[in-house]
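Only one structure is covered here, and it is reproduced in the block below.
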């Protein structure tokens, strides 16, 4: 529910405050701004170039997530005012510009914008799933046409902090689109931003059949059923291929759960794409049996029970990781797998 009618109106930024000072206003600890990334002191922390060019600041503890957005991109006529973005699409456009570009300076700028966009996307996703408050640093000025990215920089002429708290009220894991709303209450819970997927275990005939099986057989039957239909389609849309090797030969890929279907506590857990795996058969079997798992940085963890020779035969290396670290909604399920399935 919005309380925007009781709040101060959204105002166009008219002054240009330093990012660091706006973060202090938002309640952030900015002590790290006193030093460069290699720990050298900075005479004027407001000029910390490695930090003040960022587009997002996640914050620590109870600090809000702070994001920098262009004032003109906010829908100020909506009730409440809303910002709708999709940094995944924006990054793809930057990558398209980068493709075939020979000027190293241009490519460096494009890569810098890509990295900032990725960090912003991660910050918004984190704020959504953690239901964290968001503060907006609103920016005004002259923007570079997208086709000229890399050759011409934006000109920021104004920068202020909106005094009102915002919340991320939607994040679509499949497409990357999201919505941030002004002055709304903290969401009680969050969805996964996708259309509901039918739980394969709700089929009455299937339920009747699996009731006659032991747990191992039941899981195998459910896994085979999950590997078909909407759940698999959703995993294919999210990952495009094996989420470790990148293999796109769909006939080989196995769709299954991180937290097994039979041990899920709710129907939502059973159909949530964040609880889904798409792997080539050898990795799927190793994960299913607890010989491998993944940490919170999505790097592979290998059980000490797997010998070097076996790893070599299966073409598994300790340097493997997920093809992207964007999908942080997987972390609770991976943590469950590490604690309950992985053979540490």
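The values are calculated or read from the model by the stated rules, or taken from the named source; none is laboratory data. Remember, predicted model here, so these are calculated numbers, not experimental data. Here Cβ is always computed from backbone atoms with ideal geometry, including for glycine, and neighbour counts include all displayed protein chains.
Just to be sure before I move on: is residue 258 outside the structural domain of residue 88 (by TED's automatic domain parsing), more than 19 Å from the chain's Cα centre (by Cα), in contact (Cβ under 8 Å) with a residue 12 or more places away in the chain and buried (at least 21 other Cβ atoms within 10 Å of the Cβ) in the structure I sent? In short, no.
Looking at the structure I just gave you, is residue 130 exposed (fewer than 14 other Cβ atoms within 10 Å of the Cβ) and closer than 15 Å to residue 168 by Cβ? Answer is yes for this residue. In summary, strands (runs of 3 or more DSSP E) completely within the stretch 121-188 and bearing 2 or more residues that are closer than 22 Å to residue 52 by Cβ and assigned by TED's automatic domain parsing to the domain that holds residue 73 occur at 134-142, 155-161.
For the stretch 301-311, check the following and say yes or no: at least one residue is out of contact with any helix residue (DSSP H, G or I) (no Cβ under 6 Å at 6 or more places or on another chain), in a strand (DSSP E or B) and within 28 Å of residue 130 (Cβ to Cβ). Checked the stretch 301-311: at least one residue is out of contact with any helix residue (DSSP H, G or I) (no Cβ under 6 Å at 6 or more places or on another chain), in a strand (DSSP E or B) and within 28 Å of residue 130 (Cβ to Cβ). Of the residues making up the stretch 275-290, none is part of a loop (DSSP other than H, G, I, E, B) and buried (at least 21 other Cβ atoms within 10 Å of the Cβ). Restricting 117, 104 to those that are surrounded by 15 or more Cβ atoms within 10 Å (Cβ to Cβ), out of contact with any strand residue (DSSP E or B) (no Cβ under 9 Å at 6 or more places or on another chain) and either in the same structural domain as residue 81 (by TED's automatic domain parsing) or closer than 24 Å to residue 46 by Cβ (or both) reduces the list to 117. Is one or more of the residues making up the stretch 82-97 farther than 22 Å from residue 326 by Cβ, in contact (Cβ under 8 Å) with a residue 12 or more places away in the chain, assigned by TED's automatic domain parsing to the domain that holds residue 169 and surrounded by 18 or more Cβ atoms within 10 Å (Cβ to Cβ)? Scanning the stretch 82-97 turns up at least one residue that is farther than 22 Å from residue 326 by Cβ, in contact (Cβ under 8 Å) with a residue 12 or more places away in the chain, assigned by TED's automatic domain parsing to the domain that holds residue 169 and surrounded by 18 or more Cβ atoms within 10 Å (Cβ to Cβ). Test residue 262 against the stated conditions and say whether it is touching a helix residue (DSSP H, G or I) at 6+ places or on another chain (Cβ under 6 Å) and not in a strand (DSSP E or B). Judged against the criteria, residue 262 is a match. Looking only at residues in the stretch 35-59 that are loosely packed, with under 13 Cβ neighbours inside 10 Å and either modelled with pLDDT of 95 or more or over 30 Å from residue 85 (Cβ atoms) (or both), the one that is farthest from the chain's Cα centre (by Cα) is 43. Taking the condition surrounded by 13 or more Cβ atoms within 10 Å (Cβ to Cβ) and within 29 Å of residue 146 (Cβ to Cβ), does residue 15 pass? Taking the combined requirement at face value, the residue does not satisfy it. Among the residues in the stretch 33-41, are any in a loop (DSSP other than H, G, I, E, B) and under 30 Å from residue 188 (Cβ atoms)? Looking through the stretch 33-41, none of the residues is in a loop (DSSP other than H, G, I, E, B) and under 30 Å from residue 188 (Cβ atoms). When restricted to residues that are out of contact with any helix residue (DSSP H, G or I) (no Cβ under 6 Å at 6 or more places or on another chain) and buried (at least 21 other Cβ atoms within 10 Å of the Cβ), the stretch 245-255 contains 1.
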